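Okay, structure first, notes after.
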Amino acid sequence: MRPTRTALCAAAALLASLTSFSAHAQASGPIKIGLMLPYSGTYAALGNAIENGFKLYVQEQGGKLGGREIQYFKVDDESEPSKGTDNVNKLIKRDNVDVLVGTVHSGVALAMAKAAKDNNTLLVIPNAGADAITGAMCSANIVRSSFSNWQPGYAMGVVAAQKGVKRAMTITWNYAAGAESTKGFTEGLEKGGGKVIKDLNLPFPGVEFQALLTEIAAQKPDAVYAFFAGGGAVKFVKDYAAAGLNKTIPLYGPGFLTDGTLEAQGASAQNMLTTLHYADDLNTPKNNAFRKAYALAYKAQPDVYAVQGYDAAQILGAGLKAAGGDLGKRDVLTAAMHKTVVDSPRGKFTISPAGNPVQDIYLREVKGNNNEFRSIAVKSLSDPARGCKL
Ligand code: BEZ
């Protein structure tokens, strides 16, 4: 009997996937890790901190994960979604990496996640919070060491409602991270009886805030929730204070608004309240050791991005250890990455079935150059993973 055309196509597809998988499945020699991060533009400092954190953990393991040497390949993604697919293919197809690590910008990460799924490549996300990646796009191959955009936003909404905020405004860049972060805030606030009267936005990575600040002054909300990060967060917090708004309308945000930015923001950020899964002064042996080692290695203070890079390496290390360093044991490896309890500088956390951290979100207050712990805003917060089917 002759095979049907459909059967032949299915066999060819299976062969192609096995060939591409076996190219990644060596059990000896260095593991090739592709770091796709922003090394230029408004998120450059975030990319560098992630790489530093990742490499710090690997160095602490004697330069190996799962008993295997590590070889790095790097691409600057420029936080540019339109170049995301080409950039990730440089790592997957040109450099033939075993594991992708990246990135910061949600729009770029969505392109990475699609390529990782299409090519059956492991992906560890050390920042970008795009809800869909651990929602409708979830995959056993993809694990995040950071947060979903919904998580810190929702927690800040809960806190704002507890503080009696009834009418709030939001302001952000109009891309996935800003939209999802402000949506999370709105959900938390509404649950506590408040509401968002207006959402303001501008294109990423724009910093022309004046007209929007004038509108905030005119509307006089009880509070403003802002999602900005990196260079844009520095400029926004300074402009908000320069306009005198911080004297009458509290400025809240996810911790990205004041993380890794405080030296540049100076007086304008003092006493600001934000929510995040890390605080600089967590007085635990793990955080103290991490901060000391990071400062020694890089002559700089770590921030949340460095923590997420460090934990990305820890999660990958747990998977590789379980698989005895054999990338061919993909199921063992990804199962261990999902089951690990991560001993993080932020505190211990677990990974949800969808691949996102289940973690405490802290309320922090800016004092000097630190985001200081004030309380746990929401305990063991798990992203709803809307649309995830595994
Ligand atoms: C994001 O695009 O997901 C993102 C970027 C910077 C900080 C936090 C989230």
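The values are calculated or read from the model by the stated rules, or taken from the named source; none is laboratory data. Note that this is a predicted model, so its numbers are computed, not measured. Backbone-built Cβ (ideal geometry, glycine too); neighbour counts: all protein chains shown. Accessible surface is based on the protein model in full, side chains and every heavy atom, while ligands, DNA and RNA are left aside. Shrake-Rupley method; radii C 1.70, N 1.55, O 1.52, S 1.80 Å.
For the reader, a short list of remarks on this structure follows.
- Net charge dipole size for the chain [Lys, Arg +1 and Asp, Glu -1 on Cβ; Debye, nearest 20]: 700
- Taking amide H as placed 1.01 Å from N in the peptide plane, the amide H of residue 69 sits under 5 Å from that of 31, each at least 5 places away or on another chain.
- Relative intensity, log₁₀ I(q)/I(0), of the chain from a Debye sum that treats every alpha carbon as a point, q = 0.06, 0.10, 0.14 Å⁻¹: -0.23, -0.62, -1.16
- Within the chain, longest stretch free of exposed trypsin sites (Lys or Arg not before Pro) [DSSP loop, at most 11 other beta carbons within 10 Å]: 1-298
- Computed accessible area, residue 170, all protein chains, 1.4 angstrom probe, square angstrom: 0
- Neighbours of residue 125 by Cβ distance under 15 Å: Lys/Arg scored +1, Asp/Glu scored -1, total -3.
- At 1.567 mPa s and 4 °C, Stokes D of region 168-267 from Kirkwood alpha-carbon radius, µm² per second: 96
- Charge sum, other residues only, whose C-beta stays under 15 Å from residue 173's C-beta, Lys/Arg counted +1 and Asp/Glu -1: -3
- Phi angles of region 137-149 translate, via the Karplus equation with coefficients 6.51, -1.76, 1.60 and θ = phi - 60°, into HN-Hα couplings of 8, 4, 7, 4, 7, 10, 10, 10, 9, 10, 5, 9, 4 Hz per residue; Gly and Pro are given as x.
- Separation between Cα centres of region 368-390 and region 23-83, rounded to whole Å: 25
- Relative contact order (%) - the chain, alpha-carbon pairs under 8 angstrom, separation at least six: 20
- Here region 150-276 is treated with +1 on each Lys and Arg Cβ and -1 on each Asp and Glu Cβ, and its dipole about the Cα centre works out to around 400 debye.
- Radius of gyration and Dmax over the Cα atoms of region 110-239, both given in Å: 16.3, 51
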